[in-house]
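Here's the structure, in structure tokens; my notes come after.
The values are calculated or read from the model by the stated rules, or taken from the named source; none is laboratory data. Keep in mind that this is a model prediction, so the values were computed, not measured. Counting neighbours? That spans all protein chains shown, and the Cβs are built from the backbone with ideal geometry, glycine included.
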């Protein structure tokens, strides 16, 4: 699947043209091209590489999977790798979609690994800011990275909400320890994955803000700095959530230990109460004469002793909050 768009003097002049026309359009320095490919084949990448003169190593990185978020600088272009993310609140699993971009002075080529990456949302952001379109490739790259970083924020916010729900379950009257443990580890795993995506974005934005690259220049600098600020906030939020999840795990273990202590005291208290009638009936079960032996008074005496001592122990344990 391929999508193309031509900007001329800040307005959309053409869409849906074949890749073979890219070099023709780029002969005019006022033209800016956006070319998008989803799940491209080797021949697709080869065609656009010939049109734009892309470096073979950059093309190879666009094919390879699980690249780190980064910016590679080549003589005629930049290669940018980033990840849009989303949290599956049902399973607690973080889903990441890689988006690669070739950045030249007049063209932005985006390469998506799956159709899950919502490129239409990026296009809507571009169309919502027609006053910035005159800044060319810098504007297109800003819209792309702004969307990517916003997905980081949404994922962090969703994780924060899920972790708050875990906090409420910690002190639930009817705890579900296994569910809590399973959910906590799933969210912790997602946080680790999110951290691997968010942290490198600081370096990406720092590199793009360098003046010698001429990507974020002029009027576009404040917009890239705003994205950089969002990256910093998402990074700090992610780090704080990691600490919070670790605290929840430790607190859960402490709460379970306290509950075990309470249960132990309760079992011990009931065992002490049950021991009273056992001791009394055992004493009165002796086959030797004792006060009340062979008379009904002995039965009532033993019953009274059992009841009095059991009630007395129950009252003592209740006062100590053991029962």
The lone exception for residue 150 - which of (1) modelled with pLDDT under 90; (2) within 25 Å of residue 189 (Cβ to Cβ) it fails
(1)
Give the number of residues within region 20-33 that are touching a strand residue (DSSP E or B) at 6+ places or on another chain (Cβ under 7 Å) and part of a helix (DSSP H, G or I).
2
Flagged in region 17-52 as over 25 Å from residue 63 (Cβ atoms) and without any contact (Cβ under 8 Å) to a residue 24 or more places away in the chain, in numbering order, are 24, 25, 27, 28, 30
Take region 81-99 and flag every residue that is touching a residue at least 40 places away in the same chain (Cβ under 8 Å), in contact with a strand residue (DSSP E or B) (Cβ under 9 Å, 6 or more places away or on another chain) and under 24 Å from residue 162 (Cα atoms).
83, 84, 85, 86, 87, 93, 94, 96
Just checking, which of 44, 36 is in the same structural domain as residue 197 (by TED's automatic domain parsing) and in a helix (DSSP H, G or I)?
44
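Yes/no matrix, rows are residues, columns are (1) more than 20 Å from the chain's Cα centre (by Cα); (2) assigned by TED's automatic domain parsing to the domain that holds residue 155; (3) part of a helix (DSSP H, G or I):
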{"site": "225", "(1), (2), (3)": "yes, yes, yes"}
{"site": "232", "(1), (2), (3)": "no, yes, yes"}
{"site": "240", "(1), (2), (3)": "no, yes, yes"}
{"site": "247", "(1), (2), (3)": "no, yes, yes"}
{"site": "269", "(1), (2), (3)": "yes, no, yes"}
Do the conditions hold for residue 78, that is, is it modelled with pLDDT under 85, assigned by TED's automatic domain parsing to the domain that holds residue 199 and touching a strand residue (DSSP E or B) at 6+ places or on another chain (Cβ under 8 Å)?
no
When you scan region 234-280, how many residues do you find that are farther than 20 Å from residue 315 by Cβ and surrounded by 13 or more Cβ atoms within 10 Å (Cβ to Cβ)?
16
If I go through region 23-44 residue by residue, how many of them are under 19 Å from residue 112 (Cα atoms), at pLDDT below 85 and touching a helix residue (DSSP H, G or I) at 6+ places or on another chain (Cβ under 9 Å)?
3
May I ask you to list the residues in region 60-78 that are within 18 Å of residue 26 (Cβ to Cβ) and surrounded by 13 or more Cβ atoms within 10 Å (Cβ to Cβ)?
74, 77, 78
Given the structure, is residue 57 touching a residue at least 12 places away in the same chain (Cβ under 8 Å) and in a strand (DSSP E or B)?
no
Only one of (1) surrounded by fewer than 13 Cβ atoms within 10 Å (Cβ to Cβ); (2) over 30 Å from residue 253 (Cβ atoms); (3) in contact with a helix residue (DSSP H, G or I) (Cβ under 9 Å, 6 or more places away or on another chain) is not met by residue 231, so which one is it?
(1)
Where residues in region 45-60 are touching a strand residue (DSSP E or B) at 6+ places or on another chain (Cβ under 7 Å) and modelled with pLDDT of 85 or more, which of them is farthest from residue 201 (Cα to Cα)?
54
